[in-house]
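Encoded as C-alpha cells, the structure appears first; notes follow it.
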Protein chains: 2
Amino acid sequence: VLGRTYDNQVCSCARALGVIGERWSLLIIRDALFLGATRFSQFRRSLGIARNILSSRLDFFVVEGLMERRPTAVSGYYEYVLTEKGRELEPVVIALTQWGDRWLAPDGPPFVYAHDCGGDVETVTVCRTCSDEVDIGSVRLQIGPGQPAPAR
Amino acid sequence: VLGRTYDNQVCSCARALGVIGERWSLLIIRDALFLGATRFSQFRRSLGIARNILSSRLDFFVVEGLMERRPTAVSGYYEYVLTEKGRELEPVVIALTQWGDRWLAPDGPPFVYAHDCGGDVETVTVCRTCSDEVDIGSVRLQIGPGQPAPAR
C-alpha cells in the first residue's frame, strides 16, 4: 500500500520514501520541476507510462500535498502544480542525478543542471557548524528529538 | 524487471532509480552507510523485510557494483560491504532525510546527521561558478554531452 510500506521505520528517510519511493514517482516530480510539466498528457508523453499508474501517482501527490490539482480553462481538464513541499524535492533529484552522472553515464551526462548565472549546479554536503564540505564517511547518525522513548 | 523499468529515459536520474529505486533499496544503503550493517541478519533485523526481497536487493547491489560480497570467518556466511559507488549515495540519503525531516517529522527529526566536529550536516545545492547557494527554481535543465543526437 502506498505510503505504508515502511511503517516500522522511525526515520525521515523511510517516511520520504513512503511518499516518493514508488516506481516513477520521482521522475514525475523531475518532469514537474525541470520540464514544467503540469498536464496529465505532458507527463504521459514524457514518461510513457500506463494511464492508471500515472493517475494513481498524481492523485497520491495531491493527497500528500506535493501537488495541487487545479481546473484549467478547458472544462474537465486539470493541471497538477507542485507545492512548496513538492518543489523542495529539487535537491533530491539533483543529488540522484549527480550520482547517476558519475557512475552510470559513460558517454557523459545526458543533461546538466545550470544555474541562472550559467554555471553548473551541484549538491554538496556541508557542516553547518564548521562550514566545511563534509567527506563521505565523516557523518554519524545520532538520535534526534523526534525519536520515541524506548519501550523498555 | 530490476533496472529495466526506465529504459526509455535517457537521464541519469532515471538510471540511478533503475539501480536504487526499488522498494527498500535505499534503506538497505542507509543501514550500510550509517548503521555499519554488513551482514544479512543485520539488514533483516533492522528492516524487518522478507528474506527473498533482501536477498534479491543485495545480490543486485553486488551485480551493479554498489556492494562487494566477501566471505566471513564463519564458513558459508558472507558480508556485504559498500564500494565507493555505493558510499557515494550518502548525499542522496541525506537529502531525502532532510526533506522528510522538514515535511514529515511533526515531532522533530527522529535522527540527525552529525559531522565529526559535532555540527549538523546538511545537503545544499550550490553553483560551481558563482559559488552561491542556489534557490529552488533557479536551476534549468540543459542538454548535456551524453545526450544522443535526435533520430531526425
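Laboratory data are not the source of any read-out in this text; all were calculated from the coordinates shown. Keep in mind that this is a model prediction, so the values were computed, not measured. No Cβ is skipped: glycine too gets one built from the backbone with ideal geometry, and neighbour counts run over all protein chains shown.
Distances between copies of B:D7, taken at a point 7 Å out from Cα along the Cα→Cβ vector and listed shortest first: 3.6 nm. Coupling constants for segment A:99-108 follow from the phi torsions by the Karplus curve (6.51 cos²θ - 1.76 cosθ + 1.60, θ = phi - 60°), and in residue order they are 5, x, 4, 6, 10, 10, 10, x, 9, x Hz; glycine and proline get x. Taking square-rooted eigenvalues a ≥ b ≥ c of the alpha carbon gyration tensor, is the protein assembly as shown rounded, prolate or oblate, where a/c under 1.5 means rounded and, failing that, a/b exceeding b/c means prolate? Taking the square roots of the gyration eigenvalues as a ≥ b ≥ c, the protein assembly as shown is rounded. Which distance in Å, rounded to a whole number, links the C-alpha centroids of segment B:19-72 and segment B:95-112? Each part's Cα centre sits 23 Å from the other's. Legend: mean number of C-beta atoms from other chains within 10 angstrom of residue C-beta atoms, peptide A:27-34, equals 3. Label-to-label distances for B:D116 across copies, nearest first, come out at 3.7 nm, using points 7 Å from Cα in the beta-carbon direction.
For A:S138, no residue 5 or more places off, or on another chain, has a built amide H under 5 Å of its own.
Shown is the FRET efficiency for A:D107 and A:R45, computed with R0 = 25 Å from the Cβ-Cβ distance and rounded to the nearest 0.05: 0.55. GNM remark for chain A: springs join alpha carbons under 10 Å apart, and the peak mean-square fluctuation among A:V93, A:V63, A:V19 falls on A:V63. Here is the list for segment B:27-132: chymotrypsin sites (Phe, Trp or Tyr not before Pro) lying in DSSP coil, each with at most 15 other C-beta atoms within 10 angstrom of its C-beta, are B:Y77.
Given R0 = 22 Å, the distance between the Cβ atoms of B:V10 and A:E84 translates into a calculated FRET efficiency of 0.15.
Phi angles across segment A:24-36 convert, under the Karplus curve 6.51 cos²θ - 1.76 cosθ + 1.60 with θ = phi - 60°, into 3J(HN,Hα) values of 6, 4, 6, 6, 5, 4, 3, 5, 5, 6, 10, 9, x Hz, Gly and Pro given as x. Taking the Cα centre of segment B:3-42 as origin and assigning +1 to Lys and Arg Cβ atoms and -1 to Asp and Glu Cβ atoms, the resulting dipole is close to 40 debye.
Net charge in the neighbourhood of B:D132 (other residues with Cβ under 14 Å of its Cβ; Lys, Arg +1, Asp, Glu -1) is -4. For the protein assembly as shown, the dipole from Cβ point charges (+1 on Lys and Arg, -1 on Asp and Glu) about the Cα centre works out to 1360 debye, to the nearest 20. A:G48 label point (Cα plus 7 Å toward Cβ) to equivalent points in the other copies: 3.9 nm, shortest first. On the rotation that sends chain A to chain B, the chain A Cβ lying closest to the axis gives residue and distance in whole Å as A:A95, 2. Annotation for A:T129 and A:I53: the two label points, set 7 Å from Cα along the Cα-Cβ direction, are 4.5 nm apart.
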